[in-house]
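Just below is one structure, and these are the notes that go with it.
Read the figures in this text as sums done on the coordinates, not as results from a lab. What you see is a predicted model, and the numbers here were worked out from it, not measured in a lab. Please note: Cβ atoms are built from the backbone with ideal geometry, for glycine as well, and neighbour counts cover all protein chains shown.
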Amino acid sequence: MSLLPRVVVLATGGTIAGSSSNPASSAKYQAATVPVTALLDAVPALGALARIEAEQVAQVDSKDMSFALWSRLVERVAFWSAQSDVSGIVITHGTDTLEETAMLLHLACVSTVPVVLTAAMRPSTSLSADGPLNLLKGALLVINQEIHAGRDVVKAHTSAVNAFVSPVAGPIGYVQDDFVRFVRTPGRLPVSAWSVPSAWPQVEILASYAEPGRIVVDALAQAGVSGLVVAAAGNGSVHQSLVEALVDAAGAGVAVVRSSRTGAGHVAIPASPRPASGVFVSAGDLNPYKARVLLALALAVEPGLAKDPVALQALFAEN
Ligand code: ASP
C-alpha cells in the first residue's frame, strides 16, 4: 500500500488552465481551456509527492464567477474533506476573483484538511508558465513562492507574476522548491462556518469619489438590494452627497458597510454605528469585494442585521 498522502485537486479554470497558440505571449490567450488531467500530466513530479485525484468542478474564466459555482465548490470541499484518507485539497482558480472565493472559503468551508488555492498569471502553454510551479506547492493561497491567508490575500497587479499580496497582514509563509516554511499563523482564523445560501441576498458595491451623484444609491435601493458596500475614500470617508443617499437607503432597510478604496489599511471602527446620523459600519481591513462576501453571507442567515448596525459591526470586527 502506498504511503503517499491522497490529495484531491478541484479544478475551476482560470489562466492556470489557459492556452495560447503563441507560447511567447503571456497576454494573448484563452483562460479555462486545458483540462485538469493535462495540467497534472505536465508536472510528473507531483506523482512522487502524493496520490493525486482530480475533479473538474468547472472550467470558467473567474471574471465570470457565479454563486452557483461557489456553492458547488464549497460542497465539493465538504465532500472530499469528509473522506478519511484525504490529506489535503488543492483548488486551481483564475486570479481575477480569487480573492473573493478565498474569502468565501475562509468563511464557509467545513474542512478538516488543509484547503489550498492556487493560480497562475500566465497560461499553461506560455514559455514562462508559472502555473506548474505553483501547483507543486500548496497551502491556503500558494502563488509565486508565497503562502497567503485566504481572508487577507488580494490581487494587486494586472499582470505581474507577483500580483498577489496580503496588504495589511503580509504573507504567512514561503515555499522554495520542496521547502515550506510558515513564518506565523494567520492573524484571523474562521470563527464559525457560515452556510452558503441557496439564494444569495443582493449586495452591491459602489464607490465614493469627487462629486458623486446619488443616483446609483437611489437606484440600487429602489431595486431592492439588501446591502451596499461603499468603496469609500481614505479611512472610510464618504462624500456628503452619498451620505445623504445612504442614510435614506439605510432608513429603508438596506445594510450599509464602508470599506476603503485605497487597497490597504483598516477603516476605523465607529464607537457606535448610527446610520440615521450618517455613521456607517466599518469593514475593518476587508476590501470592498471581501466585505461584500461577508455581508451577503451574514444577511442570508439573518436579514434583520440590516437594521441592527451594532450587531453587524460586531460581526465585521470578529470575522
Ligand atoms: N481571467 C483569468 C481568470 O481569472 C485571469 C487569470 O486566471 O489570471 O480566470
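The figures follow:
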quantity	calculated
Given charges at Cβ of Lys, Arg, Asp, Glu: the stretch 147-236 dipole, positive-most of 162, 172, 215	172
Spatial extent of the stretch 128-285: Rg and Dmax, with the Cα atoms as the point set, Å	19.1, 56
Highest to lowest packing among 207-213, 264-270, scored as the average C-beta count within 10 Å	264-270, 207-213
Rg/Rh for the stretch 216-267, where both radii come from Cα atoms and Rh is the Kirkwood radius	0.99
Cα-based helix-to-principal-axis angle, 309-318 vs the chain, degrees rounded to 10	30 degrees
Within a Gaussian network of the chain (alpha carbon springs, distance under 10 Å), most fluctuating of 19, 198, 126	198
Only Lys, Arg (+1) and Asp, Glu (-1) charged, at Cβ; the chain dipole about Cα centre in debye	260 debye
Summed side-chain charge close to residue 36 - residues other than residue 36 whose Cβ falls under 14 Å, Lys, Arg +1, Asp, Glu -1	-2
Chain lengthening between residue 160 and residue 49 when straightened (0.36 nm per residue, less Cα-Cα)	37.1 nm
For the stretch 206-319: span of alpha carbons on each principal axis (Å, largest first)	33, 30, 24
Per-q log10 I(q)/I(0), the stretch 8-154, q = 0.13 Å⁻¹ (Debye; single scatterer per alpha-carbon; no solvent)	-0.50
Percent of Cα-Cα distances greater than 31 Å, calculated over the chain	33 percent
Listed residues 130, 178, 218, most fluctuating in the chain (Gaussian network, C-alpha, under 10 Å)	178
Helix-only [θ]222 nm of the chain, DSSP H runs n ≥ 4, -39500 (n - 2.57) each, per residue, nearest 500	-7500 deg cm²/dmol
Förster-model FRET efficiency, 25 Å R0, residue 311 and residue 277, C-beta, rounded to 0.05	0.90
The stretch 31-100: proportion of alpha-carbon pairs further apart than 17 angstrom, %	50 percent
Förster radius 35 Å - calculated FRET efficiency between residue 67 and residue 37, Cβ distance, rounded to 0.05	0.80
Radius of gyration, Dmax [the stretch 255-319; alpha carbons; angstrom]	10.8, 30
Dipole of the stretch 1-108, positive direction: furthest Cα of 49, 27, 91, with charges on the beta-carbon	49
Pairwise label distance in nanometres, residue 178 with residue 193, each label 7 Å out on the Cα-Cβ vector	3.3 nm
Calculated on alpha-carbon atoms, Rg and Dmax of the stretch 168-254 in Å	19.3, 56
Potential extension, residue 84-residue 4 segment - 0.36 nm per residue separation minus Cα distance	27.4 nm
Unit charges on C-beta of K, R, D, E only; dipole of the stretch 54-111, Debye	120 debye
Between 0 and 90°, nearest 10: helix 67-81 axis offset from the chain longest Cα axis	50 degrees
